[in-house]
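Here the structure comes first, spelled out in structure tokens, and everything after it is commentary.
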Amino acid sequence: MNVMIRLLGAAAVLGCAAPPLAAQAPDGAALYREQCKECHGAAGRPTKQALSKYKDIKAFDAAFLSARSDDSLVAVLKHGAKDGKEMKSFKEKLSAGEMIAHVKYVRTKFGGGGASNP
């Protein structure tokens, strides 16, 4: 009985000492490079090639980002813009967490700040 109690106690201590396996947060910068840079450019300004194909493509500047909530930016990623004619949906390529990480990255990198919810 004593041995059993010691084994259970040791198992409990080891279980508490092990760090929990946490999911790694999505990398917004990598997602932007992989999914968005081709059209929106490295500096958040549309490329000439993208502008020739999509006339209404937006620049990710402070004015654009401050006029939109995080939820509205995620919605564009999820549903696209103008029925996919101006921007395709990324719902098949990005998870909800990846979309949020992407929005945080864009807002921080190009919008000069953290989350905004006007």
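The solvent-accessible area of ILE100, taken with every protein chain present and a 1.4 Å probe, is close to 90 Å².
Greater than 23 Å separation of Cα atoms is the criterion. Which listed pairs, LYS37/LYS82; LYS55/LYS104; LYS85/LYS109; LYS48/LYS78, meet it?
As for pairs spanning more than 23 Å Cα to Cα, those are LYS55/LYS104; LYS85/LYS109; LYS48/LYS78.
Remark: the LYS53-ASP27 segment gains 6.6 nm on full extension, using 0.36 nm per residue and subtracting the alpha carbon distance. Per-residue accessible area (protein heavy atoms, 1.4 Å probe) orders SER72, SER66 as SER66, SER72, starting from the largest. Each peptide among 31-40, 84-93 gets the average number of other Cβ atoms lying within 10 Å of its residues, and from highest to lowest they stand as 31-40, 84-93.
The values are calculated or read from the model by the stated rules, or taken from the named source; none is laboratory data. Bear in mind that the values here come from a model prediction, so they are computed numbers and not experimental data. Ideal geometry is used to build each Cβ from the backbone, glycine not excepted, and the neighbour counts take in all protein chains shown. Each accessible area value is taken on the protein alone, full model and side chains, heavy atoms only, with ligands, DNA and RNA left out. Shrake-Rupley method; radii C 1.70, N 1.55, O 1.52, S 1.80 Å.
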